[in-house]
1. Where the second residue is surrounded by fewer than 20 Cβ atoms within 10 Å (Cβ to Cβ) and of a type outside the set (V, I, T) and the first is within 11 Å of chain B (Cβ to nearest Cβ) and outside any helix (DSSP H, G or I) and lies in region A:40-51, which pairs have Cβ atoms under 7 Å and are six or more apart or on separate chains?
2. Please work out which residue is farthest from the other protein chains (Cβ to nearest Cβ), limiting yourself to region B:61-72 and to residues that are out of contact with any Gly (no Cβ under 9 Å at 6 or more places or on another chain) and surrounded by 18 or more Cβ atoms within 10 Å (Cβ to Cβ).
3. With (1) surrounded by fewer than 20 Cβ atoms within 10 Å (Cβ to Cβ); (2) in contact (Cβ under 8 Å) with a residue 24 or more places away in the chain; (3) over 24 Å from A:D64 (Cα atoms) as the list, and B:A25 as the residue in question, which single condition is left unmet?
4. Which residues, counting only those in region A:15-60, are farther than 20 Å from A:C72 by Cα and either touching a strand residue (DSSP E or B) at 6+ places or on another chain (Cβ under 6 Å) or of a type in the set (D, E) (or both)?
5. From B:K45, B:K36, which residue is more than 10 Å from the chain's Cα centre (by Cα) and without any contact (Cβ under 8 Å) to a residue 40 or more places away in the chain?
6. Scanning region B:42-60 for residues that are within 8 Å of chain A (Cβ to nearest Cβ) and farther than 21 Å from B:M1 by Cβ, which turns out surrounded by the fewest Cβ atoms within 10 Å (Cβ to Cβ)?
7. Quick check: anything in region A:3-13 within 11 Å of chain B (Cβ to nearest Cβ), more than 18 Å from B:I62 (Cα to Cα), free of Cβ contacts under 8 Å to residues at least 24 places away in the same chain and among the acidic types (D, E)?
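Bear in mind these aren't lab numbers, they're just calculated from the coordinates by the rules spelled out. Being a predicted model, the structure only gives us computed values, none of them experimental. Positions of Cβ are backbone-derived with ideal geometry, glycine not excepted, and every protein chain shown enters the neighbour counts.
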Amino acid sequence: MKEDKCCCSGGVTTILACSGGSNVGQITNEVAKRLDMAGVGKFFCLAGIGGRVSGMVASVEGSDTVLVIDGCPVACAKKTMESAGLDKYRYVVVTDLGIEKVHDFRLSKEDVEHVMSICLAAVKGSSAVEVPSEA
Amino acid sequence: MKKIQILGTGCPKCKKLAEATEQAANDLGIEFEMEKVTEVKEIMKFGVMITPALVVDGEVKIAGKVPSVDEIKKLIA
């Protein structure tokens, strides 16, 4: 929640990323950050869902649109959501987009931008929203 | 005594949730104290990112919505 903004107005999009320990996990984190900074949605803490922080779970339940981004088919983010009883969300898996999972955190700008465009389309139905090109 | 907290910066939805919750608690005959938490920093301590939110005895029951009085009764009973 931004310090100076009331969040009662509706139309809230929340974004949860696996933020895992691989290139694809960190791409989810980078994309979620950029989507938040671009005003597309709010980047939430997946750990808060896993920890069953009631305010976090209730906030996701109260969101109009939820985007979950997993890095790979292990699907930790998806499983975390489902274990908390949260099953209404749009879903993107980075490795499904042709990006190989490796233990290397030097992220490709092209990969990040590709995933960003897919996530934007998942949220908005188009990629027309302007987003920052750098973190 | 139940502790009921309404999280929100004071917009009409927050006030509506407070009124509906008070009515629900009164209808149920529950002994309660109500606190309105309006400071964003305090609201964020609950992990809430969307307001208004209803907290009962420290647990956030709902956020981003104003349920009906009947729905609130189920949440606070």
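1. A:K42/A:D36; A:F43/A:K33; A:F43/A:D36
2. B:I72
3. (1)
4. A:D36, A:G41, A:K42, A:S54, A:G55, A:A58, A:S59, A:V60
5. Every option except B:K45 fails the conditions.
6. B:M44
7. The answer is yes, given that some residue of region A:3-13 is within 11 Å of chain B (Cβ to nearest Cβ), more than 18 Å from B:I62 (Cα to Cα), free of Cβ contacts under 8 Å to residues at least 24 places away in the same chain and among the acidic types (D, E).
For (1) more than 10 Å from the chain's Cα centre (by Cα); (2) more than 14 Å from chain B (Cβ to nearest Cβ); (3) closer than 22 Å to A:H114 by Cβ; (4) surrounded by fewer than 21 Cβ atoms within 10 Å (Cβ to Cβ), each residue gets a yes or a no:
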{"position": "A:S19", "(1), (2), (3), (4)": "no, yes, yes, no"}
{"position": "A:A32", "(1), (2), (3), (4)": "no, no, yes, no"}
{"position": "A:V53", "(1), (2), (3), (4)": "yes, no, no, yes"}
{"position": "A:A58", "(1), (2), (3), (4)": "yes, no, no, no"}
